[in-house]
Amino acid sequence: QQGQAGQTKMAATRKNDKLFSSMLSSFADVLLFDPQKRIVVYWFVLIPCSIVHDLIPLPESYFSNKGNVFNQYFVKLSWAWTLLLTTLFIASTSYVYTLANTSAVLKHMSRLFVGTAIWFVCTSVFDTILHWTGSCSNLDYNSDKRTCVKAGHVWDGFDISGHAFLLSFCALLITSELSVLKTWDKIQDALEEKSEERGGSKGKKRGKNTKKKSEERGGSKGKKR
């Protein structure tokens, strides 16, 4: 009776897991649409808004102040937050669908190193463009932006918004990593099949080992006789 109750409980748990995985995959399929389409949407939002902001400056408010808490602790540190969350997500999900294969998990984690390299190169290029296309409001500090701003002056040049790029890049990276949830229900089925195959192979090995041991015991008894 206890064995039947345990099997019934396991079957119910599997059914609930499959239902949850199916709902999760459906939810992800609706929200996480194609990355190329997402990039187009970002372009159509960012470019017109940037033009409007240049032509019609926004009124002064708490959010237009660079010292606001959201800018200081979330926007400026957005790459750190993104790395923290995506590292935990990739590590946990890849650990599941690779069946705890450490080398495979590390290969999946390497995508974050590539993303970090892209972020560093792009922001460096933006700073270089701003330096070579700009000049200081006081020509005595026209050597570079840092010297100019530190002296209390304004460096005017072609400034590609690093914050706009960073937030867009973080959003693209997070959604691309979340796309694994689209096929999570299929992954669960595949994992169950693999676990059953492993269980069957282990059972066969145990049977062979038991058979060998019994044959060895029988042979040793025959020799003693």
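Looking only at the stretch 162-187, which residues are of a type in the set (D, E, K, R) and more than 30 Å from N71 (Cα to Cα)? K182, D185, K186, listed by residue number.
Residue pairs whose Cβ atoms lie under 8 Å apart, separated by 6 or more positions or on different chains, with the first residue in the stretch 154-177 and surrounded by fewer than 18 Cβ atoms within 10 Å (Cβ to Cβ) and the second of a type in the set (A, V, I, L, M) and not in a helix (DSSP H, G or I), are T175/L32.
Taking each residue of the stretch 90-101 that is assigned to a loop (DSSP other than H, G, I, E, B) and looking for partners that are open to solvent by 60 Å² or more (accessible area, probe 1.4 Å) with beta-carbon atoms closer than 8 Å, six or more apart or interchain, yields L99/K194.
For the stretch 27-70, the candidate set comprises residues that are polar (S, T, N, Q) and either free of Cβ contacts under 8 Å to residues at least 60 places away in the same chain or touching a Phe, Trp or Tyr at 6+ places or on another chain (Cβ under 6 Å) (or both); within that set, the residue that is most open to solvent (accessible area, probe 1.4 Å) is Q36.
The values are calculated or read from the model by the stated rules, or taken from the named source; none is laboratory data. This is a predicted model, so every value here is computed, not measured. Virtual Cβ from ideal backbone geometry, glycine too; neighbours counted across all protein chains shown. Keep in mind that these areas ignore ligands, DNA and RNA; they rest on the heavy atoms of the full protein, side chains included. Shrake-Rupley method; radii C 1.70, N 1.55, O 1.52, S 1.80 Å.
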